[in-house]
1. Between PHE92 and ARG7, with labels modelled 7 Å along Cα→Cβ, what's the label distance in nm to one decimal, could you check?
2. Sorted from fewest to most neighbouring beta carbons within 10 Å, what does the list SER44, SER100 look like?
3. Could you compute how fast the chain diffuses translationally, taking Rh as the Kirkwood radius over C-alpha pairs and applying Stokes-Einstein at 4 °C with viscosity 1.567 mPa s? Give it in µm² per second.
4. Can you compute the helix-only [θ] at 222 nm over the chain? Use -39500 (n - 2.57) per DSSP H run of at least 4 residues, normalise by all residues, nearest 500 deg cm²/dmol.
5. Can you classify the range 89-139 as rounded, prolate or oblate using the Cα gyration tensor, where a ≥ b ≥ c are the square roots of its eigenvalues, rounded means a/c under 1.5, and otherwise it's prolate if a/b beats b/c and oblate if not?
Amino acid sequence: MNDLILRVVTKWLSPIIILFALYVQFHGDYSPGGGFQAGVIFSSAILLYALTYGLEAALRLVPEMALRICASVGVLLYAGVGVASMLMGGTFLNYSVLASNPVSGQHIGIIVIELGVGITVASVMILLFFTFARRVAPE
């Protein structure tokens, strides 16, 4: 697509969308939001870029292998918090044992869990888009 206005708006809007996703991600334990919502918002910036500049440009920006690694790292972060909780004497995903103060442990656990969810959701949403876009793209 060669629409100059759409390209300029996309280049201007994508960083703002990503910034909003980071706000939702790290403010999710104090207000509505969190990892899932932030992951979907973040992936929408990449999808907008792909729809404007084309699938190949988006794949150069975010390679599929990097997305697969990020999806795996997000799941490992989530599971890692649960395992760390068990190793520190608590039950799976009992965040209270992650710090000397139970409230601090809860905050640490929630932030890391939500980060893992956000990374996984964003990566999987983008991978799904790339998979379906490649199937319907004309050859």
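Coordinate-derived values only; no laboratory data. None of the values given here were measured: they were computed from a predicted structure. In this analysis, Cβ positions are derived from the backbone assuming ideal geometry, glycine residues included, and neighbour counts consider all displayed protein chains.
1. 5.1 nm
2. Working: SER44 19, SER100 7.
Arranged by neighbour count, lowest to highest, SER44, SER100 become SER100, SER44.
3. Details: Rh = 16.3 Å.
Taking Rh from Cα pairs, D becomes 79 µm²/s.
4. Values: 5 runs with 108 residues, N = 139.
Computed mean residue ellipticity for the chain: -27000 deg cm²/dmol.
5. Numbers: a/c = 8.79, a/b = 4.51, b/c = 1.95.
It is prolate, given that a/c is not under 1.5 and a/b is the larger ratio.
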